[in-house]
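Okay, so here's the structure we're looking at.
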Amino acid sequence: MLSPVSKTDKFSKPYLRNTNVQWGRVDIFDIYEMDFSESSYDRYALIFGDVLICEGGEIGRTAIWRDEIDECYYQKAIHRLRPRDGRISPEFFSYHMMYAFLIGKTYSELGTTTTIAHLPGMKLKALLVPVPPSSGSRQNCNHFRVY
C-alpha cells in the first residue's frame, strides 16, 4: 500500500496507522495520506462504530472509529471489526479488549513474536469474547468468536 510505485496522489486519502489507534480513542493529530484504488474503497473505508485493533506494536490496542474526520481509511496493519448484530456493542468489545490485554492478561499468549510482536487475523478470529446477557435476562454470559 505504501510502495513509491503506487503513490500517484490521484487517489490520495487520509488513513489510520497503528500509532493513531490508542486505547479507547483514535488520535487524529498526525494523519497521513496515501493512494487507495477505487476498488479498495469499500474494504478500507471506515464507518462510524468500526472497532479498530492493532495487529503490530502494542498488539490488541483497541479503539472505536467515531467519524473524527470525514472519509478516512485504515492501513492493513490494523484489524477492523464491524458488529453484525446487536449481541455485543463496540463499546463493550473495546472495554473487554482493554481489560483482557492490560489487566487480565487473558490473551497474553496470542501474539506472534518471531521478530516484532503482531496479532495475525487468524489468531484474532480464534478469540472467545464474552457476550453480556441481554437486559433483564438472568442468564450467564455467553461467548462468541470474532469473525
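Laboratory data are not the source of any read-out in this text; all were calculated from the coordinates shown. No experiment lies behind these values; they were computed from the predicted model shown. Glycine also receives a Cβ, built like all others from the backbone with ideal geometry; neighbour counts cover every protein chain displayed.
Some observations on this one:
- When peptides 73-84, 38-49, 16-27, 122-133 are ranked by their average number of other Cβ atoms within 10 Å per residue, the highest-first order is 16-27, 73-84, 122-133, 38-49.
- In this structure, residue 77 and residue 105 have a Cβ-Cβ separation that, at R0 = 22 Å, corresponds to a calculated FRET efficiency of about 0.45.
- Pairwise label distance in nanometres, residue 42 with residue 68, each label 7 Å out on the Cα-Cβ vector: 2.7 nm
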